[in-house]
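Below is one structure; the comments refer to it alone.
A short reminder: the numbers here are calculations on the coordinates, not readings from a lab. All of these numbers come straight from a predicted model, not from anything done at the bench. Positions of Cβ are backbone-derived with ideal geometry, glycine not excepted, and every protein chain shown enters the neighbour counts.
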Amino acid sequence: MSAVEKASVEKSSVERSWTARVREAGVAALPPEKLLPDSQPTYVASWIYVFGVASLASLTVIILSGMILALKGPAWWHYTGVGHFFNSVHLWSVELFFFAMVVHLWGKYWMAAWRGGRARVWMTGAVTFLVAVPCALTGYVSQQNFDAQWISTQAKDAMNSVGVGAFFNLTNFGQMYSYHVLLLPLAVVGLVVAHVLLVRRHGVVPPFEPDRRALTALAEEDGAPDLPTPTGVGS
Amino acid sequence: MQPTGAAVMGAVFNLDHPAHVVHWHFIDLSVANVVVIGLMLVVFALAIALPFPGAARRRSGGAT
């Protein structure tokens, strides 16, 4: 086999390898300049995106404080001041997470953020909210106190009333705790990562185009001779 | 929490009573939840209405 043939065989074997294919597909789907852009369109200068980033910051604090609580066990916060502190950090970062996420969600709903092929961006964001609700609920059920008992029995009745009580036993502490510290956080973090990557891939949704008929009517009322052609985004 | 800290916080937030509830037809919400929902609406309105710092400069062709 000549050197050229040998090089060709080596190249084709590299092209066939799954690592090369995954790398090429990844770079094609999300090139570095899209993954980490150094500028954004002017309409991204909006408070609504601050609340999206605040959601991410809150989620980071939730995960970190939750990891510390998981290390020490669910009863730790009952008998030590440090445990109580981290439990409070965990609770209030969850409160902030939901607050910021809901404001971001409202804003994106009224911006119709699913426009321009961004359906998956919208759906991953909305489903993150829906999955975060049972993630928080299982946390309240894991408090190991009377509050947790009350919430679990009320939620048990809710689950039974919608016919899924056979799958989720809210009074089973072990099941709820593993849902809270592993399964549901994995789902939330996975959805958030997918959401951010999809935002990077598709870009932030531009504002609505001005309604040309309404603008024409306004211009005629004002006596203006003609309208300039819309050039894209405004804010 | 230390006893002194607990006493101070207890003086600010008295939680030693049944929750206050807003009840209207089928709507049954704790006052704490109503306050949070109201705050979210206010913050949302402000987020829409308030100009973002530097946005006007960017639109007029300044640095991004």
With each run of n ≥ 4 DSSP H residues scored as -39500 (n - 2.57), what mean residue ellipticity at 222 nm is computed for chain A after dividing by its residue count and rounding to the nearest 500 deg cm²/dmol? -23000 deg cm²/dmol
Roughly what would the spin-label model give for A:A20 and A:Q149, points 7 Å off Cα along C-beta, in nm? 6.5 nm
The protein assembly as shown - Kirkwood radius from inverse mean 1/r over Cα pairs (Å): 23.8 Å
Scaled by the rule-of-thumb 2.2 N^0.38 Å, the alpha carbon Rg for the range A:152-195 gives a ratio of 1.35
Net +/- balance of residues flanking A:F208 in space, Cβ distance below 15 Å, scoring K and R +1, D and E -1: +3
Projected area averaged over all directions for the convex hull of the alpha carbon atoms of the range A:70-132, nm², comes out at 5.3 nm²
What's the angle, to the nearest 10 degrees (0 to 90), between helix A:3-16's Cα axis and the longest principal axis of chain A? 60 degrees
Would you mind listing how long the range A:89-166 runs along its three principal axes, going by Cα atoms, in whole Å with the largest first? 48, 34, 15
Two-decimal log10 I(q)/I(0) for the range A:45-205, as the Debye equation yields it once each C-alpha is a single scatterer, q = 0.16 Å⁻¹: -0.94
How much space per residue, in cubic angstrom, does the convex hull of the C-alpha atoms of the range A:37-97 take up? 84 Å³
